[in-house]
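The values are calculated or read from the model by the stated rules, or taken from the named source; none is laboratory data. All figures in this text were calculated on a predicted structure; none of them were measured in a lab. Heads up, the Cβs are rebuilt from the backbone with ideal geometry, glycines too, and the neighbour counts pull from every protein chain shown. SASA here: full protein model, heavy atoms, side chains in, ligands and nucleic acids out. Shrake-Rupley method; radii C 1.70, N 1.55, O 1.52, S 1.80 Å.
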Amino acid sequence: MMRTKTEKHRGKSHFCKKRRTGDEKYTGILEKTKSGFGFVRREEGGDIFISRRNMGGAMHGDTVVADLLPEHLCTRNREGIIEKILSRGTTEVVGTFQRNKRFGFVVSDDRRNNDDVFVKKSDFHGARNGDKVVVKITGYPEKNACAEGTVTEIISRCGEKGGEIKALIRANGLFETFPSRVNAEAKARSKEKITERRLAGRKDLRGKTVFTIDGASAKDLDDAVSVEKLSNGNFLLGVHIADVSHYVEADGYLDREALKRGNSVYLLTRVVPMLPKVLSNGICSLNPHEDRLTLTCQMEIDCHGDVVSHEIFESVINSKARMVYDDVSDMLENHNGELIEKYRFIYRDLLYMEELAEILRKKRKDRGSLDFDFDEAEIELDEDEVPVKIDVEERRCANRMIEEFMLAANQTVAEHFFWMEYPFIYRVHEKPDTEKMTALKTFLSGFGISLAGNPDNIHPKTLSGILLQTEGKPYENIISTVMLRSMKKAFYSTECQGHFGLSFKYYCHFTSPIRRYPDLCIHRIIKASIRGQADEKLLQKFRADAAVAADTASLTERKAQVLEREVEKMKKAEYMQDHVGEVFDGIISGVTNFGIYVQLPNTVEGMVRLDSLRDDYYDCEDGKYRVVGRLTHNVYALGDKVKVIVIAANPQEREIDFALARDHQEF
């Protein structure tokens, strides 16, 4: 429904300002909801609820000062009113343009932002009804007026293929294209020939059997592998990584743009790359039968999985094959004769790799490395980017094999440079909070499982043992889910603090410089060390660059993860629109005080709202991850199997609504 400027804030009376206490003022960032109310989030905690009428013209993301209201005027605990807006967090809004004859509105695609932006006809700039647009804020909300703006960009026309995803990309401050200066630098570097002069100081591995193993659709191939069986029975594993730092010089246009992006973002059929495709898919990608500059971590590994010696050096390779996971897995798992014959020239190497990967995996598991093997969605889109099929993505032996080799290289490189005391970027996963482990201990006791040890110093091997103990049990999924939620999130740091989940004392990201900036950053440090160029002045620069890169990449990684989840949720909801009214078996995957989440076998997740349960009034027991009926004492707990019917799906809101099949039938 269209709203005029005067309608939007009508009813916000002046007596609200008079009723505040004036004594307790709090500064924080306003986080609004689609319903119009919001919370002032404070670094020190103690968030403050703000009702719709007490916003004072503040928009989502603004830094504000709030006053607490007296208790007798509050509708809930710690309720306040916005007294002052210190700084605006929104300068532009991405959304859907709704046009009238004389004016229009841009309705934000951000579900947290309910502030529509009024647009005068003279500021339409070619936008048509239903288009996805960017509107620049020219006037912020006031007492009786909503925000005003001018359309500065048309992202996609109404109904255009991929328009929703394009809008999400833009709303997150990301761009699929690059500035002209960045493109010019990338194009110039991509034309460089790999001459013998450029190979001076590099080990020539072009005669070795080196090849890549990736997904079928991958175009940015940044790692290749090789393996040999030595006369002493040990394995010689080579992990060869694209030398992106050769083409992306520090502090250039390319480098600054790559740092700003932090990482590539993969959104089903779309990629928002960290580097222009002429590099990421071209000269840097380890494409088959092409000479490529690389950094190699070569490890001699014994039958126990111990790295008995290693060497890190600059190299040049020529990949002998571009292998895909499914083909390699079919050869190793199913002994596919046709594929084995086709790839006879590397089949023995694959058998060695399979043997070595199993050794490495066993050693890692014996040390207590946690492996949360949750199902991930594989969403198939048609040519119009409409989801036509959703399945569980297979994680086969070839996928696991490459994972083990990358883990070994990352660990080896991290330990090498830790002892050299060089500035570096490590991948850190801290041990869980004591409170979380205490809660987990209580939860596990309900299943008759004892979590041994002190909650403030749990060893990953203890948790790994519990996962092994519950494998194949009906409650395996619930135990894994709750345990994962008890973990902290991994991040990048210049301090080597270990990786709890992997049970590694030393760990970094070295193997993906095409799509992760920390990998690119440490490649420069590694090469300076190899070349003997790391004087004190350069080390100081590396130290400063590493600190910035670690902080930036930790933030951009989280942003990318959120965006990837949003796109997946949107496409899942779009897919389920064609299945409204159908009944599915599912498992309870989450419990809240307003509903229970149910996940279907294909990973699609929806909610059964508690107010839709017609046989009783249900209360949520947070610590036990269940809801219980007051009269019937019926219990719905995390991990329970249920049968649901799809009653609604809303791609715009990324929501899918289920009802328990029995309740729907009774209704």
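Roughly speaking, what % of Cα-Cα pairs in the range 63-119 are separated by over 16 Å, rounded to a whole number? Across the range 63-119, Cα pairs with separations above 16 Å total 62 percent. Measuring spread by the Cα atoms of the range 274-391 yields a radius of gyration and Dmax of 18.6, 52 Å. Highest mean packing first, where packing is the average number of other Cβ atoms within 10 Å per residue, the peptides 173-185, 372-384 line up as 173-185, 372-384. For the range 601-646, chymotrypsin sites (Phe, Trp or Tyr not before Pro) are listed when DSSP marks them as loop and at most 16 other Cβ atoms sit within 10 Å of their Cβ; the list is TYR617.
Return the ratio Rg/(2.2 N^0.38 Å) for the chain, where Rg is computed over Cα atoms only. Write down the numbers at each step before the final one.
Details: Rg = 27.8 Å, N = 667, 2.2 N^0.38 = 26.0 Å.
Relative to the rule-of-thumb radius for its length, the chain sits at 1.07.
For the listed residue pairs LYS488/LYS641; LYS166/LYS320; LYS320/LYS571; LYS166/LYS389; LYS342/LYS461; LYS84/LYS559, the alpha carbons are over 31 angstrom apart in LYS166/LYS320; LYS320/LYS571; LYS342/LYS461. Computed from label points 7 Å out along Cα-Cβ, the spacing between PHE447 and ARG102 is 6.5 nm. Against the chain, whose longest principal axis is taken from its Cα atoms, helix 460-470 shows a tilt of about 80°. Note that the chain presents 48 Å² accessible area per residue, ligands and nucleic acids not counted, probe 1.4 Å.
Taking amide H positions as modeled 1.01 Å from N, with prolines and chain starts lacking one, no residue 5 or more places away or on another chain lies under 5 Å from ALA250. Relative to the longest principal axis of the Cα atoms of the chain, the long axis of helix 397-420 makes an angle of roughly 80 degrees.
With respect to the chain, whose longest principal axis is taken over its alpha-carbon atoms, helix 180-190 is tilted by about 20°.
How much net charge surrounds SER369 when only other residues with a Cβ under 10 Å from its Cβ are counted (Lys, Arg +1; Asp, Glu -1)? Don't skip to the end; give the middle numbers.
On the way: positive: ARG361, LYS363, ARG364, LYS365, ARG367, LYS461; negative: ASP366, ASP371.
After counting each charged neighbour, the total is +4.
In terms of the mean number of neighbouring beta-carbon atoms within 10 Å, the peptides 649-655, 107-113 order highest first as 107-113, 649-655. Values of log10 I(q)/I(0) for the range 246-318 across q = 0.13, 0.15, 0.18, 0.22 Å⁻¹ run -0.59, -0.74, -0.90, -1.02, by the Debye formula with one identical scatterer at each alpha carbon and no solvent. Value of Rg to Rh for the range 347-502, rounded to two decimals, is 1.02; Kirkwood radius and Rg both from alpha-carbon coordinates. Each residue of the range 192-205 was assigned a 3J(HN,Hα) from its phi angle through the Karplus expression (A = 6.51, B = -1.76, C = 1.60, θ = phi - 60°), giving 5, 7, 8, 8, 4, 5, 6, 8, 4, x, 9, 7, 8, 10 Hz with x at Gly and Pro. Applying 0.36 nm per residue to the separation of LEU555 and PHE372 and subtracting their alpha-carbon distance, the gain on full extension is 63.5 nm. Highest mean packing comes first when the peptides 192-198, 301-307 are listed by Cβ atoms within 10 Å, giving 301-307, 192-198. Using a 1.4 Å probe on the protein heavy atoms, what percent of the accessible area of the range 567-667 belongs to carbon and sulfur? Using a 1.4 Å probe with all protein chains present, the range 567-667 comes out at 48 percent carbon and sulfur. Under the simplified labelling scheme, the LEU484-SER190 pair shows an inter-label distance of 3.7 nm, with each label point 7 Å from Cα along Cα→Cβ.
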